[in-house]
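What follows is one structure encoded as structure tokens, with my remarks underneath.
The values are calculated or read from the model by the stated rules, or taken from the named source; none is laboratory data. Bear in mind that the values here come from a model prediction, so they are computed numbers and not experimental data. Note that we place each Cβ from the backbone using ideal geometry, even for glycine, and neighbour counts take in every protein chain shown. Calculation scope for accessible area: heavy atoms of the full protein, side chains included, ligands and nucleic acids excluded. Shrake-Rupley method; radii C 1.70, N 1.55, O 1.52, S 1.80 Å.
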Amino acid sequence: MGREVTLFTFPSTYYALSAERALKEAGLQGQLIPMPRELSSLCGLALEVETAEEEKVLPVLRSSVKIEKKVRAIKSRGLVEKIVEVQELCPPPE
């Protein structure tokens, strides 16, 4: 049985690295992982956090970087097994 995690995607590697740094500075946990194939993004990285910590993490990220998507997923043995929910957080370009 897998565990539920929340992934955040970003428009570029710069924002992904900045997001990881912002969490560390705020004393929160998160790790950059390769972008799962099921998700499409210009950036090859996603930030993984425990879903239970999402409410603490999201305000820090929103105040620090541009976020594309928030994705809830089931992860098992280090791999994303199933995408549960995808929420667009960044408005599409005009």
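Return the loop-located trypsin sites (Lys or Arg not before Pro) in the chain (DSSP other than H, G, I, E, B) with at most 10 other Cβ atoms within 10 Å of their own Cβ; answer none if there are none.
The qualifying sites are Arg37, Arg77.
Value of Rg to Rh for the range 11-92, rounded to two decimals, is 0.92; Kirkwood radius and Rg both from alpha-carbon coordinates. Glu4 contributes about 80 Å² of solvent-accessible surface, heavy atoms of the protein only, 1.4 Å probe. Proximity of backbone amide H atoms, modeled 1.01 Å from N, is registered between Ala46 and Ile33, Met35 at under 5 Å, excluding neighbours fewer than 5 places apart on the same chain. For the residues Val49, Val80, a 1.4 Å probe over the protein chains yields an accessible-area ranking, largest first, of Val80, Val49.
Largest accessible area first, the residues Ser18, Ser63 order themselves as Ser63, Ser18 under a 1.4 Å probe with ligands, DNA and RNA left out.
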